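Below is one structure; the comments refer to it alone.
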Amino acid sequence: MKFSEFNLHDDLMKGIGSAGYETCTPVQEQVLTMGLDGSDLYVQSQTGTGKTCAFLTLLIQQLLSKPELAGKKALIMVPTRELAVQVEEEARTLASGTTLKAASFYGGVGYERQKQVLKAGVDILVGTPGRVIDLQESGDMDLSNVAFLVVDEADRMFDMGFYPDLRTLIKVLPEVNARQTMLFSATLNTYVKNLAWEYTNEAKEITIEPEHVTIEEIDQLLLHVSSDEKVKLLVGILQKEKPDSVIIFCNTKRSCEVIAKRLKINGIESEFIIGDLPQSKRLQVLESFKRGSLTCLVATDVAARGIDVDDLAMVVNYDLPNEAENYVHRIGRTARAGKSGKAYTFCSEQDVYNLPAIERYIGNPIPASMPTDDMIGEDKSDGMYIKTGRYDDEDRGRGHRDDRRGGRDGRGRDGDRRDRRRDDRKRDNRGERRGDNRRDYKKRDEQVQDLSGLSFDERMKIYKEKYASESTAAAAKAPKANGKGNGKGKNGQNRKPQQAPKKAAPVKETAKPAPQKKGSAGILGIIQKFFGGKKK
């Protein structure tokens, strides 16, 4: 069924045309068919089925076509800032022919810019729970006139511990009969069912069966590499294999530009494509890549949409994707039409947290190993400062005063801990070296073992033991609330008063790390040697 068959508003159809959409996906067709009358919806649908376009098209149509909704707003709740930015970009495209304004609100960046955006007026609010609660409680975000509530990836919200925050937010919204509520989830778990029962009004249920993506023909290899050795590994692989075409996926816009420029310094001609590029530049880069005059392209998941190259030889996941489904979508761009393809995935100490969900999603552990000596190249850009454009993710972790006050986002909710790890990479890009990055690869190669030979539980036990020790060390360095001092933080800023800590409970025996299974100590030693070994 085509979008034109739904008799949508002319201004909305302009945005749909700008996005290049013509025929509805199953979830888009059913959401529009069952939701245009104002009914609440509960949709079971995987990422990648077109659900973002589905709920955005529905709520934009309602805001444009119903006079009684003039001045009303839509609130879209998502679990991660990456998804918030992705939904915001899609909303801006679909609403490009209208006067509706969309913006995203998430932690890890300063409050002031987001407050200014709210003062200017926003019709479609996209946000993560912690930051939205902060802005609502401070009076900067008015949720009293919200006519649409969308909870996207509800199951992931609950897995990440956002259930109490969601309940807090929903209680300050207009009553259930005064708004249209849509819940989107990949699975039917108890929390999602309870939320649907408690906060929707006779919601219609839509179930979209996930598409099966075959990845058996793809030669996959996951390489465990420290974050400061990623560029050397990438350069070494590209120089050794010289693929006819390769797409390198990064999770942020800034990383895409940095990696593309570092590759150029190393004599590898490459371009990057992100949502912020002018349309003319994007078209030029895409045309060069499809034509074959450009062999190396660095891209984000969002910007890579629409790239269709039949003979793509290689995909490199420079960063593990935050969404498990995106791993399949990324590597599935190669090995098309019965052809074989190769996919390298870099897994550093900052990426490993995304690995369990990916391996659960594909149903198997990814074949894994450590890089061999001949895979490591010389990085001529090592230590150089790479100047880039100004992106949303560039402001993260700069120590904004508001984020240091101890609010939700300052405590690490909404993924801020992951961003602090990203900041370490940013310092490297500014030339602030964290010590000697050189490794004795020959000595390490003698200890290389195939990590895919371990079970999933054994591999995750290794990761948890490794990073649990880092968390303990970080906690030991944190300032204690013991009532001492002058009550002021860095630069003389007033700190919020803290209650005296309760007497610590005795440590139970169960808190001790479980004994290792036979044969796992050698692997743990390799990973500790490879990822650790440096005093911070």
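The values are calculated or read from the model by the stated rules, or taken from the named source; none is laboratory data. The structure presented is a predicted model; accordingly, all values stated were derived computationally and were not measured. Note that we place each Cβ from the backbone using ideal geometry, even for glycine, and neighbour counts take in every protein chain shown. Just so you know, the surface numbers come from the protein's heavy atoms only, side chains and all, with ligands and any DNA or RNA stripped out. Shrake-Rupley method; radii C 1.70, N 1.55, O 1.52, S 1.80 Å.
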- Message: It is to be established whether one or more residues within the stretch 84-100 are in a helix (DSSP H, G or I), charged (D, E, K, R), within 15 Å of the chain's Cα centre (by Cα) and buried (at least 24 other Cβ atoms within 10 Å of the Cβ).
- Response: no
- Message: Need the failing condition index for residue 98 against (1) of a type in the set (S, T, N, Q); (2) under 20 Å from residue 154 (Cα atoms); (3) in contact with an Asp or Glu (Cβ under 6 Å, 6 or more places away or on another chain); (4) modelled with pLDDT of 90 or more, just the number.
- Response: (2)
- Item | Entirely in the stretch 124-190, the helices (runs of 4 or more DSSP H) that have 2 or more residues that are open to solvent by 60 Å² or more (accessible area, probe 1.4 Å) | 154-159, 163-171
- By residue number, the members of the stretch 248-277 that are of a type outside the set (Lys, Arg), assigned to a helix (DSSP H, G or I) and open to solvent by less than 30 Å² (accessible area, probe 1.4 Å) are 256, 257, 258, 259, 260, 263
- Task: Note down all Cβ pairs under 9 Å where the first residue falls in the stretch 132-156 and is within 20 Å of residue 111 (Cβ to Cβ), the second is open to solvent by 10 Å² or more (accessible area, probe 1.4 Å) and assigned to a strand (DSSP E or B), and they're at least six residues apart or on different chains.
- Result: 142/73; 143/73
- Message: Looking for something open to solvent by 10 Å² or more (accessible area, probe 1.4 Å), within 20 Å of the chain's Cα centre (by Cα) and modelled with pLDDT under 95 - is there at least one such residue anywhere in the stretch 30-47?
- Response: yes
- Message: I'd like the full set of residues that are under 17 Å from residue 51 (Cβ atoms), of a type in the set (A, V, I, L, M, F, W, C), at pLDDT 90 or above and out of contact with any Lys or Arg (no Cβ under 9 Å at 6 or more places or on another chain), limited to the stretch 175-202.
- Response: 182, 183
- Item | Pairs where the first residue, in the stretch 14-25, is part of a loop (DSSP other than H, G, I, E, B) and the second is among the acidic types (Asp, Glu), C-beta under 8 Å, 6+ apart | 19/90
- Message: Restricting to the stretch 352-375, name every residue that is open to solvent by less than 60 Å² (accessible area, probe 1.4 Å), free of Cβ contacts under 8 Å to residues at least 60 places away in the same chain and either in a loop (DSSP other than H, G, I, E, B) or within 19 Å of residue 219 (Cα to Cα) (or both).
- Response: 358, 363
- Query: residue 280: assigned to a helix (DSSP H, G or I), out of contact with any His (no Cβ under 6 Å at 6 or more places or on another chain) and buried (at least 20 other Cβ atoms within 10 Å of the Cβ), yes or no?
  - Reply: no
- Hey, does the stretch 373-384 have a residue that's hydroxyl-bearing (Ser, Thr, Tyr), over 22 Å from residue 246 (Cα atoms) and modelled with pLDDT of 80 or more? no
- Note on the structure: Of the residues in the stretch 52-64, those that are open to solvent by 10 Å² or more (accessible area, probe 1.4 Å) and under 13 Å from residue 86 (Cβ atoms) come to 52
- Would you check if there is a residue in the stretch 335-358 being touching a His at 6+ places or on another chain (Cβ under 9 Å), of a type in the set (A, V, I, L, M, F, W, C) and at pLDDT 90 or above? yes
- Message: Can you tell me how many residues within the stretch 215-247 are basic (Lys, Arg) and open to solvent by less than 10 Å² (accessible area, probe 1.4 Å)?
- Response: 1
- Top-ranked residue in the stretch 103-122 [being buried (at least 20 other Cβ atoms within 10 Å of the Cβ) and in contact with a Lys or Arg (Cβ under 7 Å, 6 or more places away or on another chain); ranked as modelled with the highest pLDDT]: 105
- Note on the structure: The lone condition residue 196 fails out of (1) crowded, with 20+ Cβ neighbours inside 10 Å; (2) small (Gly, Ala, Ser); (3) in a loop (DSSP other than H, G, I, E, B) is (3)
- Message: When you check residue 106 against the structure, is it farther than 30 Å from residue 14 by Cα, touching a helix residue (DSSP H, G or I) at 6+ places or on another chain (Cβ under 8 Å) and of a type in the set (Ser, Thr, Tyr), yes or no?
- Response: no
- Test residue 292 against the criterion of being open to solvent by 10 Å² or more (accessible area, probe 1.4 Å), on the phi > 0 side of the Ramachandran plot, modelled with pLDDT under 90 and touching a Gly at 6+ places or on another chain (Cβ under 9 Å), and give yes or no. no
- Looking at (1) in contact (Cβ under 8 Å) with a residue 12 or more places away in the chain; (2) under 22 Å from residue 86 (Cβ atoms), find the lone condition where residue 38 falls short. (2)
